[in-house]
1. Can you tell me which residues in the range 152-162 are touching a helix residue (DSSP H, G or I) at 6+ places or on another chain (Cβ under 7 Å) and either free of Cβ contacts under 8 Å to residues at least 12 places away in the same chain or of a type outside the set (Val, Ile, Thr) (or both)?
2. Among the residues of the range 106-123, write down those that are more than 23 Å from residue 212 (Cβ to Cβ), open to solvent by less than 20 Å² (accessible area, probe 1.4 Å) and touching a Pro at 6+ places or on another chain (Cβ under 9 Å).
3. Out of the residues in the range 130-179 that are in contact with an Asp or Glu (Cβ under 8 Å, 6 or more places away or on another chain) and of a type in the set (Ser, Thr, Tyr), state the one that is surrounded by the most Cβ atoms within 10 Å (Cβ to Cβ).
4. Restricting to the range 51-69, name every residue that is in contact with a helix residue (DSSP H, G or I) (Cβ under 9 Å, 6 or more places away or on another chain) and surrounded by 12 or more Cβ atoms within 10 Å (Cβ to Cβ).
5. Within the set of pairs 6+ apart or on separate chains, which have a first residue in the range 88-107 that is more than 20 Å from residue 168 (Cα to Cα), a second that is among the basic types (Lys, Arg), and C-beta atoms under 7 Å apart?
6. For residue 179, which of the numbered conditions (1) aliphatic (A, V, I, L, M); (2) over 17 Å from the mean Cα position of the chain (by Cα); (3) not in a loop (DSSP other than H, G, I, E, B) fails to hold?
7. Looking at the range 205-258 only, could you name the residues that are open to solvent by 30 Å² or more (accessible area, probe 1.4 Å), under 22 Å from residue 103 (Cβ atoms), in contact (Cβ under 8 Å) with a residue 40 or more places away in the chain and not in a helix (DSSP H, G or I)?
8. Spot the failing condition for residue 10; the list is (1) outside any loop (DSSP other than H, G, I, E, B); (2) in contact (Cβ under 8 Å) with a residue 40 or more places away in the chain; (3) over 28 Å from the mean Cα position of the chain (by Cα), and only one is missed.
Amino acid sequence: MPVSSEQESLLRLLHSGAPASLLRRLLDSHGSADAACAAGQRDWASHGLSAEACRRVQQPEAAALAQGLCWLEDANHHLIGWREDSYPPLLRRIAAPPVMLFIAGDPALLWRPSVAVVGSRSATPGGCANAAQFSEALAQAGFCIASGLAAGVDAAAHAATLDAGGATVAVIGAGPDVVYPARNRLLHAQIAQHGAVVSEHPPGTRPLKQFFPSRNRILAGLSLATLVVEAAQQSGALITARLAADAGREVFALPGSIHNPMARGCHRLLREGACLVEQPQEVVEALAPQVQALASALRGTLAALEGAPCGKATPPQAWLQDDPAHAVLWQALGHDPSSMDELVARTGLTAAEVSSMLLTLELEGKVAPAHGRYSRLGG
């Protein structure tokens, strides 16, 4: 697939090495990466770019630029810049949003109501089982499950979501084409095919220690809430939880045995005010107001963008389009509230399919949820 000039300009800006805050300011000032790259060295310097960064915008490293352009030629690969309408709305609200995102898979999933499920890389079998149980149930309730594609809890959360037919997003601390740890190669490929692998780093970037705390801010920022399953006292999961709290998002933690060192991080979070949960339904009920608020905000965003001029980037629509399964569900819905079980029985669809489509219809303003029951709005 041909790479647009805007995407090439985004790559040039990223490979300049300038801080993300300066690149966001440059994009805000000019409205697009093409216009920013065309502004010239004096303008770049006025926005705070160093002489070396200006030189790299003009003359990017050929091999690195070519690698990014080659990666983007795949129809399943995407690059979303800070100024684009398809940039995830929740991520805009964090303190240091990434200037651009590389996505292998479906970029529309970054607009879905998500729960970050995180925990120890050295999780106990019980911790992995809890991560799988919560992820499967939350996916069936219509949430996208986000995690970091690490060993342990992360891998268990992703795998259980895929097995349930749910939506999952992996936020990684390397280039979108780099698998880490190597044992997750198959899982990485499955998520890229059926979900989305997300990174702020260009293709080919190797995993470095300092990238993982920074990727946690993206994981927390994409999600309505973070659920910590197991975590030691010094844990990346606790960083994600702190960043989620700093962004005004919910933090949930599972309690564990006082004899389990992998539970001590969760207990610390609970002492600091995280919400103790024992069942997935508790998470669903706690997040219901946030889901409704997000749905309302996105409806307004989508309505405003319907009149966008031709050629302007619009938010991804793939998961909003009608298909035969949506038509079956629409026929099963009435103006009187129906429960999830009733809709599953009427349609013959799975609970995961019905939950996902109900969230879609709610975001479109076609369905009204109330106390776990759903009814039509309009004809």
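1. Step one: of the range 152-162, the residues touching a helix residue (DSSP H, G or I) at 6+ places or on another chain (Cβ under 7 Å) are 152-153, 155-162.
Hits for the range 152-162 are 152, 155, 156, 157, 158, 159, 160, 162.
2. Pass one, the range 106-123, residues more than 23 Å from residue 212 (Cβ to Cβ): 106, 108, 111-113.
From the residues that got through so far, the ones that are open to solvent by less than 20 Å² (accessible area, probe 1.4 Å) too are 108, 111-113.
Residues satisfying the conditions are 108, 111.
3. Only one residue tops the list, namely 147.
4. To start, the set of residues in the range 51-69 that are in contact with a helix residue (DSSP H, G or I) (Cβ under 9 Å, 6 or more places away or on another chain) comprises 51, 53-58, 60, 64-65, 68-69.
Across the range 51-69, the qualifying residues are 53, 54, 55, 56, 57, 58, 60, 64, 65, 68, 69.
5. Cβ pairs passing all conditions: 94/217; 96/217; 99/24.
6. With (1) aliphatic (A, V, I, L, M); (2) over 17 Å from the mean Cα position of the chain (by Cα); (3) not in a loop (DSSP other than H, G, I, E, B) applied to residue 179, the lone miss is (3).
7. Within the range 205-258, just 247 meets the criteria.
8. Unmet for residue 10, out of (1) outside any loop (DSSP other than H, G, I, E, B); (2) in contact (Cβ under 8 Å) with a residue 40 or more places away in the chain; (3) over 28 Å from the mean Cα position of the chain (by Cα): (3).
The values are calculated or read from the model by the stated rules, or taken from the named source; none is laboratory data. Only a predicted model underlies this, so the values are computations on that prediction, with no experimental measurement involved. With ideal geometry, Cβ positions are generated from the backbone for all residues, glycine too; neighbour counts draw on all protein chains shown. Side chains included, ligands, DNA and RNA excluded: accessible areas come from the protein's heavy atoms. Shrake-Rupley method; radii C 1.70, N 1.55, O 1.52, S 1.80 Å.
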